[in-house]
Amino acid sequence: MASLFEKVLAAQGMLGRADRVDLWFVPSEVGLNDRDQFWQLLSNVEKQRALSFKLDRDRGRFIASHGVLRLILAAYCRQSAKALDFSTGPQGKPALTNPAARIAFNLSHAAGFALIGVSCGSACGVDIEEIRSHVSTTEIAGRFFAETENRWLDSLSPDQRLKGFFRLWTIKEAMIKAMGSGLSTPLNDLDAAHIVQNGAGSVTVNANGKETVLWISELDLAGGLAGAVAVEGREHVVRIIGPPLIHSLSNSRPSMTL
């Protein structure tokens, strides 16, 4: 059976379109052979970050997710994965600096999986979260959710409330990551109620004195995960590359499998 490293290499050679966002959903817990090959792709800075993790599991997930990210971006840029250089924006969002391509990307990981969004010319943000029962959803929602979001949460049955909380949270995180605004944008200024009630669509966000149009879709994930993608601009086509356990709640199912 081909390794994850080999599968990602085999999927290379794809160029993005301006109206499409590609979502790569890949495992971040890999065998030692994959891990060694991904390690060789990382920069010295990334290697130092990897070595800072105390738990070997967390270190391995970081190496795999950032190694896969380099392989994927190299495919779009037609560059060597090892030669890619990154910079960090004022709120911590990474971007490609070498090559100077119009490729935007974002990475999220949880519970042994990584989700990587790639778009051409439009900023994107992705988020996945493990649905965890020990989270104080009522307290967090009261502090950080908009009034309409809390009303929607209160309308859910007790067995749906936990998942509903993480659906809202991942949408809000994806929005913040797409805008690159980090903690400078209050979470309760971002209202995701329209998306969870009506499905994928565009929203206009007024934050930090700037108006931004985002197209947002939830992701239907297996394994007790919630996820979402946000892209600057109007409607985008979602192309998904990964195992057949993810699809966009807008208009796409996996178009390539790993």
### Summary
In this structure, among Lys82/Lys210; Lys93/Lys210; Lys47/Lys163, pairs with alpha-carbon gaps over 27 Å are Lys82/Lys210; Lys47/Lys163
### Query
What is the ratio of the Cα radius of gyration of the range 4-256 to 2.2 N^0.38 Å, where N is its residue count, to two decimals?
0.99
### Message
Counting other beta carbons within 10 Å of each residue's own, what order do His134, His109, His194 fall into, fewest first?
### Response
His134, His194, His109
### Electrostatic dipole magnitude of the chain [Cβ: Lys, Arg +1; Asp, Glu -1; Cα centre; debye, to 20]
620
### Message
Test of understanding: ordering Ile241, Ile140 by Cβ neighbours within 10 Å, fewest first, what list do you get?
### Response
Ile140, Ile241
### Task
Over the range 4-256, calculate the relative contact order: mean separation of alpha carbon pairs under 8 Å at least 6 apart, over the residue count, as a percent.
19
### Task
Starting from the Cα of Arg20, step 7 Å toward the Cβ, then list every residue of the range 90-104 with an amide N under 17 Å from that point.
102-104
#### Entry: Computed E for Lys47/Ser155 - FRET, C-beta separation, R0 51 angstrom, nearest 0.05
0.60
#### Entry: Cα centroid of the range 88-132 to Cα centroid of the range 143-163, whole Å
27
### Query
What distance in nm separates the simple spin-label points at Ala207 and Ala83, each placed 7 Å from Cα in the Cβ direction?
3.6
## Note on the structure
Its Cα gyration tensor gives the range 75-212 an equivalent ellipsoid whose semi-axes in whole Å, largest first, are 31, 17, 13
### Query
By how many nm would the segment from Ala100 to Glu29 lengthen if fully extended, with 0.36 nm per residue of separation less the alpha-carbon distance?
22.5 nm
### Task
Give the angle, between 0 and 90 degrees and rounded to the nearest 10, that separates the Cα long axis of helix 56-77 from the longest principal axis of the Cα atoms of the chain.
80
### Query
Computed over the Cα atoms, what is the radius of gyration of the range 31-133 divided by 2.2 N^0.38 Å, N being its residue count?
1.07
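No value in this document is a laboratory result; all are computed from the given coordinates. None of the values given here were measured: they were computed from a predicted structure. Reconstructed Cβ throughout: ideal geometry from the backbone, glycine too, with neighbour counts over all protein chains shown.
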